[in-house]
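S.K.: Once you've had a glance at the structure underneath, I'll fire off some questions.
The values are calculated or read from the model by the stated rules, or taken from the named source; none is laboratory data. Source: prediction; values computed, not measured. With ideal geometry, Cβ positions are generated from the backbone for all residues, glycine too; neighbour counts draw on all protein chains shown. Protein only, heavy atoms only, side chains kept; ligands, DNA and RNA dropped before computing areas. Shrake-Rupley method; radii C 1.70, N 1.55, O 1.52, S 1.80 Å.
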Amino acid sequence: MPRPWRDAWHDALYGPGGFFMHSRPSDHFRTSVTSSDVFAQAIARLAREAGLDAVVDLGAGGGELLGRLHGIDATLRLTGVELAPRPDLPAGIEWADELPASIEGLLIAHEWLDNIPCDVVEVDDGGVARHVEVDPDTGRETLGGPVESAWLDRWWPLGEPGSRAEIGEPRDDAWADAVGRVHGVALAVDYGHMADARPPFGSLASFAGGQEVDVVPDGSRDVTAHVAVDAAAARVGATLERQRDALARLGIDGTRPPLDLATADPSAYMTALARASESAELRAKGGWGDFWWLMTDNRPRTGMED
Ligand SMILES: C[S@@+](CC[C@H](N)C(=O)[O-])C[C@H]1O[C@@H](n2cnc3c(N)ncnc32)[C@H](O)[C@@H]1O
């Protein structure tokens, strides 16, 4: 039976038998946080430079970021917020299935917003924007009733028949709710688009087993769509920058070690070379470097700033 995309998407990821309820994200795809320690080093530095000693990881997956942070700085207080069960992590790391009411620290949500289900719309042959409905078993789509959405009008106006969009409002709402709890710094990191470069047919995609696969909301695969990052940032007054620029400020520059280190200290050279290549992957054009960092500084003002 066809269902509105948002409902089918929700059940496919988070319902009984939902993808994230029975499989770890890292079993299916690599992310900046699972690939190496380098991203975690930047996050540890970001927290410390902001004077924060706690990190809350929203959508913590298999807890990889928290495990790495613990290894880098065991004095950080760490909490994972995740719908899936607690993975094997050091005892001092807290794990919860919902955000605390108040967060005194750095809140990070890495590749979380893209997994918040949205309504999907498509313009029919008569120029009317309609809800797209989907059969969860097959992925076959049909058009439903007409759509009225102030969010679409503002952030993603549709034109030609056949053009499509995901209504990002639930993501903006979810991020605003999370940021509203933070008395430190809130950071969302995700792939996304801005008003000047929306994907004309939307960006629904599925991944499983390390590959992009047909989009079917049947619980066997991830279902994701790029985030309208300008809308989400505007909602909470966040700054927006590309990951490669944010990481450069945090000392992750991808510079190769000097060649003479190879003879002076081959082992240090190999370590530095590996780190340079991990850093370069995090900053790559056409890859993770294109990800957006949405940052909101909610630290109490001291009156000494100016
Ligand atoms: C793509 S994974 C990202 C995992 C990890 N942050 C990374 O980047 O590798 C998204 C995760 O968000 C979790 N998630 C989605 N909605 C959530 C919610 N409301 N509360 C807690 N976790 C949630 C999912 O279960 C899933 O593990």
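S.K.: As I understand it, the value is the acute angle between the Cα axis of helix 266-282 and the longest principal axis of the Cα atoms of the chain; what does it come to in degrees, rounded to 10?
M.R.: Between helix and principal axis, roughly 20 degrees.
S.K.: More than 16 angstrom separation, counting every C-alpha pair in segment 70-185; what % is that?
M.R.: Working: 4705 of 6670 pairs.
When all Cα pairs of segment 70-185 are counted, 71 percent exceed 16 Å.
S.K.: Then there is this: Using r as the Cβ-Cβ distance of Asp124 and Ser220, and R0 as 22 Å, what FRET efficiency do you calculate, to the nearest 0.05? Before the final figure, lay out each step's value.
M.R.: Details: r = 30 Å, r/R0 = 1.36.
Efficiency for this residue pair is about 0.15.
S.K.: Given springs between every Cα pair under 10 Å in a Gaussian network model of the chain, which of Ala165, Ala40, Ala74 has the largest fluctuation?
M.R.: Per the Cα network of the chain with a 10 Å cutoff, Ala74 tops the list.
S.K.: When the solvent-accessible surface of protein heavy atoms is calculated with a 1.4 angstrom probe, in what order do Met194, Met295 fall, highest first?
M.R.: Working: Met194 60, Met295 30 Å².
Sorted descending by solvent-accessible area, the residues read Met194, Met295.
S.K.: Multiply the residue separation of Ala284 and Thr271 by 0.36 nm, subtract the distance between their alpha-carbon atoms, and state the gained length in nm to one decimal.
M.R.: Extra length available between Ala284 and Thr271 comes to 2.7 nm.
S.K.: Between the helical axis of 38-49 and the dominant principal axis of the chain, each derived from Cα atoms, what acute angle in degrees is found, rounded to the nearest 10?
M.R.: It works out to around 80 degrees.
S.K.: Over all alpha-carbon pairs of segment 4-123, lay out the pair-distance distribution in 5 Å bins, whole %, shortest bin first.
M.R.: With a bin width of 5 Å, the distribution comes to 2, 11, 20, 22, 19, 12, 7, 5, 2, 1, 0.
S.K.: 7 Å from Cα along Cα→Cβ at both Ser149 and Ala176: what's the point-to-point distance in nm?
M.R.: Going by the 7 Å Cα→Cβ label model, 1.6 nm.
S.K.: Here's something else I'd like to know. Out of residues 5 or more away from Val213 or on other chains, whose amide H comes under 5 Å of its own, with H placed 1.01 Å from N in the peptide plane?
M.R.: Residues meeting the amide H criterion: Ser206, Phe207, Ala208.
S.K.: Could I have the simple spin-label model distance between Arg249 and Ala101, label points 7 Å from Cα toward Cβ, reported in nm to one decimal?
M.R.: The two pseudo-label positions are separated by 3.3 nm.
S.K.: Sorted by packing (mean other beta-carbon atoms within 10 Å per residue), highest first, where do 153-163, 62-72 land? Each step should come with its number before you reach the end.
M.R.: Working: 153-163: 14.5, 62-72: 21.1.
Per-residue mean Cβ counts within 10 Å order the peptides as 62-72, 153-163.
S.K.: To the nearest 10 degrees, how steep is helix 169-179 against the longest Cα principal axis of the chain, on a 0 to 90 scale?
M.R.: 30
S.K.: How many nm separate the modelled label positions at Arg140 and Arg24, each set 7 Å beyond the Cα in the direction of the Cβ?
M.R.: Placing both labels 7 Å beyond Cα along the Cβ direction yields 3.8 nm.
S.K.: Tell me, what % of the accessible area of the chain is carbon and sulfur with a 1.4 angstrom probe?
M.R.: Details: 7240 of 14200 Å².
Of the solvent-accessible surface of the chain, carbon and sulfur hold 51 percent.
S.K.: So if each residue of separation counts as 0.36 nm, and I subtract the Cα-Cα distance between Arg3 and Ser35, what length gain in nm does that give?
M.R.: On the way: separation 32, 0.36 × 32 = 11.52 nm, distance 3.59 nm.
Net length gain for the segment: 7.9 nm.
S.K.: Let me ask you something else. In the chain, what is the volume of the convex hull around the alpha carbon atoms, normalised per residue and reported in Å³?
M.R.: On the way: hull volume 48.6 nm³, N = 306.
Hull volume normalised by residue count: 159 Å³.
S.K.: Still on this structure: Between segment 268-290 and segment 131-156, how many Å separate their Cα centres?
M.R.: Between the Cα centres of segment 268-290 and segment 131-156 lies a distance of 39 Å.
S.K.: Full extension from Asp260 to Met194: what is 0.36 nm times the residue separation minus their Cα-Cα distance, to one decimal in nm?
M.R.: Numbers: separation 66, 0.36 × 66 = 23.76 nm, distance 4.39 nm.
My answer for the length gained is 19.4 nm.
S.K.: Provide the descending list of Cα extents for segment 119-164 along its principal axes, expressed in whole angstroms.
M.R.: Cα extents, longest axis first: 33, 21, 15 Å.
S.K.: Sorted by packing (mean other beta-carbon atoms within 10 Å per residue), highest first, where do 260-270, 11-21 land?
M.R.: Numbers: 260-270: 12.0, 11-21: 17.5.
Per-residue Cβ counts within 10 Å, averaged per peptide and sorted highest first, yield 11-21, 260-270.
S.K.: So, counting K/R as plus one and D/E as minus one, what does the shell of residues with Cβ under 13 Å around Leu152 add up to? Mind dumping the intermediate values first?
M.R.: Values: positive: Arg130, Arg154, Arg164, Arg198; negative: Asp119, Glu122, Glu148, Asp153, Glu166, Glu169, Asp172.
After counting each charged neighbour, the total is -3.
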